[in-house]
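The values are calculated or read from the model by the stated rules, or taken from the named source; none is laboratory data. Please read these numbers as outputs of a predicted model, since none were measured by experiment. All Cβ positions, even for glycine, are placed from backbone atoms using ideal geometry, and neighbour counts span all protein chains on display.
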């Protein structure tokens, strides 16, 4: 019988391969980029959702995922006037660190979809779902590493996530608006988004520094009380 760690690694490999297909397809078949993006991004999420379907998930775990996703979604609304200040990223990271990669991924994808009912749906929603999902997934996968047990390591992770999120979101912007894609276009887009990505990265550090310790204690008690496995 296959171990859970093997299954988890296989899911990650499948996701990375599908993500590579998204990039390759959009770069080589730009005229069909929109349907290809939607198809492959949905396919890349299926292994995670199918894994959740096969796993015995308690009612408490479903409620916790829904509550955390709602908190992440609602937290985006009052900060909408401050470009790229994303408390949702903090909630997603905290979810992954405490409850593991699958819960982190589910909170990330669900919160992006839910919050955009207030802020506006569009082709960017799928990219946000995927980016926040991977953020929560990664936080869960490295949660047991030594450097993620301490604030400096957590801040480095949050800071890095802020930039990686912005860079990934630049892809749909470039591919949607530019017919001719060159290195100059990429450089211009990434340069223009630098201050927004920096704001996201610094806000992650701010929220992690002030609130992560308390969140981990509270969510950790919930995890123990209801027997929710990492």
Given the conditions (1) in a helix (DSSP H, G or I); (2) at pLDDT below 90, every one holds for residue 181 apart from (1)
Given (1) part of a helix (DSSP H, G or I); (2) more than 21 Å from residue 207 (Cβ to Cβ); (3) modelled with pLDDT of 85 or more; (4) out of contact with any helix residue (DSSP H, G or I) (no Cβ under 8 Å at 6 or more places or on another chain), where does residue 144 come up short, assuming only one miss?
(1)
Would you check if residue 118 is within 18 Å of residue 71 (Cβ to Cβ), in contact (Cβ under 8 Å) with a residue 40 or more places away in the chain and surrounded by fewer than 19 Cβ atoms within 10 Å (Cβ to Cβ)?
yes
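Residue by residue, here is whether (1) closer than 15 Å to residue 84 by Cα; (2) modelled with pLDDT of 90 or more; (3) buried (at least 17 other Cβ atoms within 10 Å of the Cβ); (4) over 21 Å from the mean Cα position of the chain (by Cα) holds:
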site	(1), (2), (3), (4)
176	no, no, no, yes
185	no, no, no, yes
204	yes, yes, yes, no
208	no, yes, yes, no
215	no, yes, yes, no
218	no, yes, no, yes
224	no, no, no, yes
